[in-house]
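Working notes, beginning with the structure itself.
Bear in mind that the values in this text are calculations on the coordinates, not laboratory data. Predicted model, so just to flag it, every value in this text is computed and none were measured. Methodologically, a virtual Cβ is constructed for each residue, glycine included, from the backbone with ideal geometry; neighbour enumeration extends over all protein chains shown.
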Amino acid sequence: MTAEMPVGSGADATPERLPERLEILSANELGRTIHRLASQVLESVADSRQLILLGIPTRGVALARVLAERLEAQCGHPIACGSLDPTFHRDDLERVGTRLGIPTELPESLDGREVVLVDDVMTTGQTLMACAQALQTASPKAIHAVVFARAQSWAPTKPPPHVQPCSLPT
């Protein structure tokens, strides 16, 4: 997993000063992390056939697909995977601004199912709170959260009380 770190910005950004790539996790480390998260998800649910992964746009959607593939390999059956855009359920839009909504894709009914929300970074927990609010009428049995990193923030970084997080790798 790599991230681009800007070397120059604004007026001093030139073609000679293109962003450098910083490797956060090697391919091997990322594979181990995904395997560990998949194992934790399987340990946290009673029946893996009741799992539905929902990626949070934008990077959470791709991560959910990768995690679903790993879960399928570990448990031997397909895992339903879709996406959930919580943009219009946020209560902090004046602070974070709006963006074009991405269509939510629910692969199956969520009634009585164990939903796993997947995102790349958790900063304040507002996105998870908005997702939980968006899922209120769907009646899932449980809502779990998997995030790949926690960011430093001004607010305590805790998921909402009704979202059960899988622990992050250290």
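Assorted remarks:
- Proximal charge balance of residue 138 [Cβ under 15 Å; K/R count +1, D/E count -1]: -3
- Length added when fully stretched, residue 149-residue 74, from 0.36 nm per residue minus Cα-Cα: 24.7 nm
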